[in-house]
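Read the structure below first, then the notes.
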Amino acid sequence: RDQMQIVKDDIRRVEEETCTSMQRLLELDKVKGRMQGATQALHEADRWTTLVSDVDDVVASENVQLIAERLRAMQQSLSVLQNVANYDERLQFLETLKNQLEALASARLVAAFNSHSLDVARGYVQIFSDIGREDQLQKYYTQCHRASLLELWTQVQDEVRDENSTWLSKFYDEVMGLWHAEVSWCSHVFPSPCQLLCALLADTLTSLDPPLDECLERAVISSKHPLPILIKLREATLRFAKQLEKSVNSQIGEFHLPSPTTTTFKPRIE
């Protein structure tokens, strides 16, 4: 029994010593982590100072790639300096530089979209993504293609009162033509091409001037035979909605997007 008690005491003592040692190791590991964090912060503070020292010259060069590389480095450095006293000031300075880069690159980006220059567009899309300006990409892309559709819409207004005209089908065909022309190209440039194109069409169709409702009403009121006209316009809209829905689903499967089919035309075809 004495021997067993001695063994138990030894085991208990080893366990207590092991527990104490583990606690000390954990404390040392925390101290090590804090020291490494402080060292990294000091390193990034020095790096930030170096990066900022000639950033005005870099921006003045108007070399988009060089500016983008510098801003990426500054952004990476600043992510480690979130606890420094003047973090907000540094963040605002970086945002100002991003605005300057966007202003410099936007015209070239639009030109790449219009000319369908694949490699150039990819490069600028990557730059805008790196600096957190993905929303602006959609804005510039929409601006490129919305204007032509709105111009066509203005042109077909002269045909609204013509009972023999296919003005609405003509416009819908142009919209679908744009979709088919762009969807393949966009898939090589943007991470979510279908969402981008759906946003473009939804924005365009809700920006029509005069609105579609008003044109439909004008076409029906001015006709001597309003019912056949209304049926023809409804069939054209249904056909367009089904074509667009089929095209969207062929790209992304049965996925419910806030597409122009539902947001713009559903109230008019029921």
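The values are calculated or read from the model by the stated rules, or taken from the named source; none is laboratory data. All values derive from a computational prediction rather than experimental measurement. For neighbour counting, all protein chains shown are included, and Cβ atoms are generated from backbone atoms with ideal geometry for every residue, glycine included. Accessible surface is based on the protein model in full, side chains and every heavy atom, while ligands, DNA and RNA are left aside. Shrake-Rupley method; radii C 1.70, N 1.55, O 1.52, S 1.80 Å.
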Problem set entry | Residues of the stretch 156-165 that turn out to be open to solvent by 30 Å² or more (accessible area, probe 1.4 Å) and either more than 21 Å from ASP209 (Cβ to Cβ) or in a loop (DSSP other than H, G, I, E, B) (or both), as a count | 4
Problem set entry | Any chance VAL189 is part of a loop (DSSP other than H, G, I, E, B) and aliphatic (A, V, I, L, M) | yes
Exercise. For the stretch 193-237, which residues satisfy the criterion of being open to solvent by 10 Å² or more (accessible area, probe 1.4 Å), free of Cβ contacts under 8 Å to residues at least 24 places away in the same chain and under 16 Å from PHE113 (Cβ atoms)?
Worked result: none
Problem set entry | Residues satisfying the stated conditions in the stretch 171-187, i.e. farther than 18 Å from VAL125 by Cβ, open to solvent by less than 30 Å² (accessible area, probe 1.4 Å) and under 21 Å from the mean Cα position of the chain (by Cα) | LEU178, TRP179
Problem set entry | Test result for LEU168, without any contact (Cβ under 8 Å) to a residue 60 or more places away in the chain, open to solvent by less than 30 Å² (accessible area, probe 1.4 Å) and either within 29 Å of LYS224 (Cβ to Cβ) or not in a helix (DSSP H, G or I) (or both) | no
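Condition first: of a type in the set (Phe, Trp, Tyr) and closer than 20 Å to ASP56 by Cβ. Now tell me which residues in the stretch 74-94 satisfy that.
PHE93
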